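Colleague: Just passing along the structure, written as C-alpha cells.
The values are calculated or read from the model by the stated rules, or taken from the named source; none is laboratory data. If you're wondering where the values come from, they're calculated on a predicted model, not measured in any experiment. With ideal geometry, Cβ positions are generated from the backbone for all residues, glycine too; neighbour counts draw on all protein chains shown. With ligands, DNA and RNA removed, areas are computed over all heavy atoms of the protein, side chains included. Shrake-Rupley method; radii C 1.70, N 1.55, O 1.52, S 1.80 Å.
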Amino acid sequence: METLQIYWWLLIAVLGGALVFLLFVQGGQSLLLETRGSVAKNLIVNSLGRKWELTFTTLVVFGGAFFASFPLFYSTSFGGAYWLWMAILFSFVLQAVSYEFRRKKGNLYGTATYDAFLLINGVVGCVLIGVAVGVLFFGGQFTVTRGNILDGNAPVISVWAPSHGLEAITCWKNLLVGFTLFFLARMNAALYMMNSIDDGQKFFNVCRMKAILNGIIFVVLFLGLVAVILTSDGYTVEPDGRVVAVPYKYAINLIEMWWVLGVLVLGVVLVLIGFALTAFKKSYRGGIWWTGMGTILTIVSLLCDLAYNNTCYMPSLTDPQSSLTIANSSSTEFTLTVMSWVSLLVPVVLLYIWYVWGKMNATPLTPKEIEEDSHSY
Amino acid sequence: MEDLIQVVDWSRLQFALTAIVHWLFVPLTIGISLIIAVMETIYYRTKSEKWLKTEKFWMTLFAINFAIGVATGIILEFEFGTNWSNYSWFVGDIFGAPLAIEGLLAFFMEATFFAVMFFGWKKVSRGFHLASTWLVAIGVSLSALWILVANAWMQYPVGMEFDPAQMRNVMSDFLAVATSPVALNKFFHAVTSGWVLAAVFVIGVSCIIAAKGRNKEMAKDSVKVAGWVGLAGIIFTMWSGDGSAVQVSRVQPMKLAAMEGLYRGQIGQEIIGFGILDEKEKEVKCKIAIPYGLSILANHDANSFVPGIDDLIDGIALTPQGDTINTVSYAERIEIGKAAQQALRDYEAARKAGDNAAVDDALARIKANYQYFGYGYFTSPQDAVPPVALTFYSFHIMVAIGGYLLALMVVALFVVYKKPEWFDTRLARWVGMLSIPLVWICSEAGWIVAEVGRQPWTIQDILPVQAAVSAVTAQSVQITFWLFAIVFAALIAAEISIMVKEVKKGSDREITA
C-alpha cells in the first residue's frame, strides 16, 4: 500500500511539474500588458492559443488525479479554501473562451475585453495556483473529523477557518510561492516565443530582454523561496501516529532523501543553463527546452520533498493531528492498484503529445501564417 | 441547521445552473464533431473542395461552441470539491477514478488533436489530419463515457462496500462500476441524443443559409450528412430511452413515479401523453393517456404493476425481476438508516475503547442496516420524494419533442433527396429555425428528468444532499452562484451573437475553403 501511495504522489508531482511548465501560457498572457501593437499581440495570442488547451487539460487532469488518489485532500482543500479555488476557477473560465472569441465578429465586448480576460488569467490564475501550492508547504487552517458525517446538524468532515482561503491569499509565504511561479512562467513564456515565433530580429530581441529580466526576478524570488522552505518547520508523523512539528523538516528531508536533492539540483541547473545560454548567446533560441525540463524536475523534487519521509504534505495549523499525509488521505489499495494499471497509458499519451507538438512547432509562427489562416485567434 | 438547509439549497442551485449551462454546449460538441469527421472523410475520399469548405464552415461553429463547453466543464469538476466536499471524501475512492480516467484518456486526446484539426492543415498530411479530426470526435465521446460512468454510479451504486474504519465507501469491483448497465445505457442515450441535437442544428442553419440563395449546394450536402446522423441518433436515443425506463423502474422506482406524476399505481398502468399535474390532489387532470402504456414501458409487460409514489412510501415495489412485492416502507427505512448510523457511532466508540466484542456487534449491525444508511438523515418519508411537477413536465416535454424530432429527420431526408425544390422555401426555413430551440429544450428536459428525478440523493439510498455538502456559508455560495449566473449570461450572449454573425456570413457571401 505504501508503495502505491508513493507511486501516486510521484504521478501527482509529475503532473504538477508539467502544469507549472505549461503555465508559460499564463505567463505569456501576462506579457500582453506590456506588449504594444496589434500585430505583436496577435502573434503572442496565436502562439499561446495553440497550447492553452494543453495547460487547461493538465490542470483538469491534475485535479482529477488528486481526486482519485488522495480524495481527502480534494475534499479538504477545495471545500475549505473556497474563495481561493473559486478565484482560480473564474480566471480559467474567462480564459477558456477568450482565445476563440477575441477577434470574432459579434463578440459583443470587443477584443480588448477578451485580452483583459487573458491578462487576468495570466496574472491571477498563475499567482493563485502558487498560493494553493504554498498552502501545502506552509499549512492551512482546517480540521478533519470523520465522525462528523453522523452529525445531522453539521455533517461536514473537513472544516476550514471562516475566511475560507482568503487568509491563504494574504499569507506572504504563499504569495512568495505565487510570484515565484508567476515570474518563472513569464520567463518561460518569453523563451517559448523566441523559439516558436518568427517576426524578425526586433521581436526576438524584445522577447530575449523579457526572458532575461523576468529570469533575474525569478532567480531572486526562487532563492528566497528555497531559503524560506528549508528554514521552515514541517510536520511529521511519529511511529505512534502522532503528528509533531519538526524544525527544518524540509531541509532534513533533502538530506535524508539524496535522490530528491539530486533531482532538485539537476532541475535548478537546467533552468540556469537555459537562462544563461539565452542571456549570453544573442541568437540562441533553445532556452525553453532547458528551462522547461528544469522546471518539471524542480517541481517534482519539491513536491516529493513535501510529502515523502513521513511528512505531512498539508499541515493543519489549527489541529496538527488533522494534517494530511499520503497515508491518511489516499484512496484504498484496490483503487490505487486499478488506477496504476490505467496509468500505464501515460507514456502513450506523452508520446502522442510530444509527436504532435513537434509537428505543429516544426516551423515558427509568422504574421503571414496568421493572416492566411481563417481560424486564427 | 437552518444555515445547513440554505447551504444545501444554494449548492444545489449552483450545481444545477452549471450543469444546465454546460449541457447547452456538450451535446452539440458530441454531435457536430461526428458530423465534421464524416464530412472530412468524404473530402478525403473525393478530394472535392466543396466538402472541404463545407467542413470548415461547421468547424468554425464547432470551435466557438467547444471553447465555452470547456469553460463550463471545469467548473463541475471543481464544484465536487468546493461545494460537495463531504461527498468527495465519502465516495471519492470510487467516484474519483472515472474522472481521472476521463482526463487521461479523453481530455488530452481532445486537446492535442484539436490543435491539429484547426491549425494543422498545412503542417500534417491529409491522412494525419483526418485521423486527428476523428480522434477529437472519439475523444469527446470517450469523455462522455467516463463522466456517465461516474454519473450512473451515483444513481445505481455498484462495485463498492462501506468501510467503517475509514467511515467511507470504497471500491470493490472496478469492472462493475465501469460496465454498469445503467452507465452503458446512459452513455448511448446521451451521446446519440447529442447526434440528434447537432443534426437539428446543422439542418436548421442549413435551411437559413439555403433560403438566402447562396451556398445552397453546401447547405444541401450538410443536410444529407446531418439527416443520416440525426436519424441514426434519434432511433438509438429512443431505443436506449426505452432501456432506461426499464432500468429506472428497477433501480429508481421513485423517479419513474415522479416522471409520470403517479401516486397510486396499478396493474396495466396507463401512460400519460398530456396532462396537468395537481400535486395537492395527487392526480393528473385533463389527461390524454395510453392504456397499459407505462406497464409496457417499464416492464415490457402490459399486465404488470407499476408502483406510485405513495405505494413506494408504503413499501410496495418491484423486484429487479419485475415482480410486485411488499418491501420495506420509507418509515421503516428511516429507522433502519438511523440504526446503521447508531451502529457506526457504537463501532467508533468501541474501537477507541478497545472493546472487540462491541466492535464485532456494531459491525454486524452496520452490515445488516447499511443498505438504507442515507435514510437515517431524514425525519419524514416525504423527504425522500423528488420535486414531482418539475420531473413530470420535463419528462413529457422531452418525449413530445422527441417524437417530433423523429418526424423531422425523416422529412429532412425526404426533402433533400426527393423534393429538393422544397428545401429553400420559407416554410423550410421556419421549420428549421424553430426546431433549433426545440431540440435544446428536449435535451435539457432529459437531463432535468435524470437529475431532478433522483433527488434528494447524491448517492442513491446512501448519501442525501444534506450530508454531502461543504462547510461553507450560504452567503458564500449565494455570491458565487450570482457571479456564475452573470458570467454565464454574458458568455452565452457572446456565443449566440458570434454564431449568428458566422451563420449570416455563410448566408450572405460565397463560402470558400
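Colleague: Between residues in region A:318-338 that are within 18 Å of B:Asp163 (Cβ to Cβ) and residues that are of a type in the set (Lys, Arg) and part of a loop (DSSP other than H, G, I, E, B), which pairs lie under 7 Å by C-beta distance while being six or more apart or on different chains?
Modeller: none
Colleague: Only one of these is open to solvent by 10 Å² or more (accessible area, probe 1.4 Å) and free of Cβ contacts under 8 Å to residues at least 24 places away in the same chain: B:Thr46, B:Thr60. Name it.
Modeller: One residue alone meets the criteria, B:Thr46.
Residues checked against (1) open to solvent by 20 Å² or more (accessible area, probe 1.4 Å); (2) more than 8 Å from chain B (Cβ to nearest Cβ):
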site	(1), (2)
A:Arg50	yes, no
A:Ser77	no, no
A:Val97	no, no
A:Leu108	yes, no
A:Gly125	no, yes
A:Gly130	no, yes
A:Gln141	yes, yes
A:Gly147	yes, no
A:Leu150	no, no
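Colleague: Does any residue of region B:217-224 turn out to be open to solvent by 20 Å² or more (accessible area, probe 1.4 Å) and out of contact with any Pro (no Cβ under 9 Å at 6 or more places or on another chain)?
Modeller: Scanning region B:217-224, I find at least one residue that is open to solvent by 20 Å² or more (accessible area, probe 1.4 Å) and out of contact with any Pro (no Cβ under 9 Å at 6 or more places or on another chain), so the answer is yes.
Colleague: Within region A:218-232, can you find the residues that are of a type outside the set (S, T, N, Q) and either more than 21 Å from A:Phe275 (Cα to Cα) or surrounded by fewer than 17 Cβ atoms within 10 Å (Cβ to Cβ) (or both)?
Modeller: Residues satisfying the conditions are A:Val220, A:Leu223, A:Gly224, A:Ala227, A:Val228, A:Ile229, A:Leu230.
Colleague: Go through B:Ile441, B:Ile448, B:Ile492, B:Ile459 for me and flag whichever is surrounded by fewer than 23 Cβ atoms within 10 Å (Cβ to Cβ) and over 21 Å from B:Phe392 (Cα atoms).
Modeller: Checking each option against the conditions leaves just B:Ile492.
Colleague: Checking A:Ala81 against (1) within 12 Å of chain B (Cβ to nearest Cβ); (2) farther than 23 Å from A:Met360 by Cβ; (3) without any contact (Cβ under 8 Å) to a residue 40 or more places away in the chain, which test does it fail?
Modeller: Single failed check for A:Ala81: (3).
Colleague: Okay, moving on. Could you check region B:338-382 and list, in sequence order, the residues that are under 21 Å from B:Tyr156 (Cβ atoms) and either in the same structural domain as B:Gln155 (by TED's automatic domain parsing) or in a loop (DSSP other than H, G, I, E, B) (or both)?
Modeller: Once the filter is applied, which keeps residues that are under 21 Å from B:Tyr156 (Cβ atoms) and either in the same structural domain as B:Gln155 (by TED's automatic domain parsing) or in a loop (DSSP other than H, G, I, E, B) (or both), region B:338-382 yields only B:Phe378.
Colleague: Moving on. Just to be sure, is A:Ser38 touching a strand residue (DSSP E or B) at 6+ places or on another chain (Cβ under 7 Å) and over 15 Å from B:Gly73 (Cα atoms)?
Modeller: Judged against the criteria, A:Ser38 is not a match.
Colleague: Pick out the one residue from B:Ala400, B:Ala474 that is over 30 Å from B:Asn215 (Cα atoms) and open to solvent by less than 30 Å² (accessible area, probe 1.4 Å).
Modeller: B:Ala474
Colleague: Tell me which of these A:Val338 doesn't satisfy, since it passes every other one: (1) under 30 Å from A:Lys104 (Cβ atoms); (2) surrounded by 17 or more Cβ atoms within 10 Å (Cβ to Cβ); (3) facing another protein chain (nearest Cβ under 9 Å).
Modeller: The one condition A:Val338 does not meet is (1).
Colleague: With respect to the numbered conditions (1) of a type outside the set (Gly, Ala, Ser); (2) in contact (Cβ under 8 Å) with a residue 24 or more places away in the chain; (3) open to solvent by less than 70 Å² (accessible area, probe 1.4 Å), which one is the sole condition not fulfilled by B:Asp278?
Modeller: Single failed check for B:Asp278: (2).
Colleague: What number of residues within region B:95-113 are facing chain A (nearest Cβ under 7 Å) and in contact (Cβ under 8 Å) with a residue 60 or more places away in the chain?
Modeller: Number of matching residues: 1.
Colleague: Checking B:Tyr292 against (1) in contact with a helix residue (DSSP H, G or I) (Cβ under 9 Å, 6 or more places away or on another chain); (2) open to solvent by 80 Å² or more (accessible area, probe 1.4 Å); (3) at positive phi, which test does it fail?
Modeller: So B:Tyr292 meets the others, but not (1).
Colleague: Find the residue count for region A:247-261, including only residues that are open to solvent by 40 Å² or more (accessible area, probe 1.4 Å) and in a helix (DSSP H, G or I).
Modeller: Within region A:247-261, residues that are open to solvent by 40 Å² or more (accessible area, probe 1.4 Å) and in a helix (DSSP H, G or I) number 6.
Colleague: Continuing with this model, one more query. Which ones in region B:295-306 are in a helix (DSSP H, G or I) and open to solvent by less than 30 Å² (accessible area, probe 1.4 Å)?
Modeller: Hits for region B:295-306 are B:Ser295, B:Ala298, B:Asn299.
Colleague: Out of everything in region B:114-125 that is in contact (Cβ under 8 Å) with a residue 12 or more places away in the chain, part of a helix (DSSP H, G or I) and facing chain A (nearest Cβ under 7 Å), what residue ends up being farthest from A:Glu100 (Cα to Cα)?
Modeller: So, considering only residues that are in contact (Cβ under 8 Å) with a residue 12 or more places away in the chain, part of a helix (DSSP H, G or I) and facing chain A (nearest Cβ under 7 Å), the one farthest from A:Glu100 (Cα to Cα) is B:Val116.
Colleague: Also, I was wondering about something else. From the list B:Ile492, B:Ile498, B:Ile486, pick out the single residue that is more than 27 Å from B:Ile5 (Cα to Cα) and more than 7 Å from every other protein chain (Cβ to nearest Cβ).
Modeller: B:Ile492
Colleague: So if I check each of B:Trp51, B:Trp10, which one is open to solvent by 10 Å² or more (accessible area, probe 1.4 Å) and within 14 Å of chain A (Cβ to nearest Cβ)?
Modeller: After applying the criteria, what remains is B:Trp10.
Colleague: Would you say A:Lys359 is within 9 Å of another protein chain (Cβ to nearest Cβ) and open to solvent by 70 Å² or more (accessible area, probe 1.4 Å)?
Modeller: In short, yes.
Colleague: Do we find that A:Phe67 is open to solvent by 10 Å² or more (accessible area, probe 1.4 Å), within 14 Å of chain B (Cβ to nearest Cβ), hydrophobic (A, V, I, L, M, F, W, C) and touching a helix residue (DSSP H, G or I) at 6+ places or on another chain (Cβ under 8 Å) in this structure?
Modeller: Criteria not met by A:Phe67.
Colleague: Let me ask you something else. Quick one: B:Gln478 ticks every box in (1) away from every other protein chain (no Cβ under 11 Å); (2) free of Cβ contacts under 8 Å to residues at least 60 places away in the same chain except a single one, so which number is it?
Modeller: Result: B:Gln478 passes all but (2).
Colleague: Sticking with this one: Of these, B:Ile313, B:Ile271, which one is touching a helix residue (DSSP H, G or I) at 6+ places or on another chain (Cβ under 7 Å) and closer than 30 Å to A:Asp151 by Cα?
Modeller: Step by step, each of B:Ile313, B:Ile271 is checked, and only B:Ile313 is touching a helix residue (DSSP H, G or I) at 6+ places or on another chain (Cβ under 7 Å) and closer than 30 Å to A:Asp151 by Cα.
Colleague: Answer yes or no as to whether B:Ser507 is more than 7 Å from chain A (Cβ to nearest Cβ) and either open to solvent by less than 10 Å² (accessible area, probe 1.4 Å) or among the β-branched types (Val, Ile, Thr) (or both).
Modeller: The answer is yes for B:Ser507.
Colleague: Given the criterion away from chain A (no Cβ under 14 Å), hydroxyl-bearing (Ser, Thr, Tyr) and under 20 Å from B:Val21 (Cβ atoms), identify the matching residue among B:Ser435, B:Ser443.
Modeller: The conditions single out B:Ser443.
Colleague: Go through (1) assigned to a helix (DSSP H, G or I); (2) within 22 Å of A:Trp8 (Cβ to Cβ) for B:Asn169 and report which single condition fails.
Modeller: Among (1) assigned to a helix (DSSP H, G or I); (2) within 22 Å of A:Trp8 (Cβ to Cβ), B:Asn169 violates only (1).
Colleague: Something else about it: Of the residues that make up region B:71-78, is at least one touching a Leu at 6+ places or on another chain (Cβ under 9 Å), more than 30 Å from B:Met167 (Cα to Cα) and at the interface with chain A (Cβ under 8 Å from one of its Cβ atoms)?
Modeller: Yes, that holds for at least one residue.
Colleague: Of everything in region A:177-200 that's over 21 Å from A:Leu118 (Cβ atoms) and within 14 Å of the chain's Cα centre (by Cα), which residue is surrounded by the fewest Cβ atoms within 10 Å (Cβ to Cβ)?
Modeller: Ranking the candidates gives A:Thr180 first.
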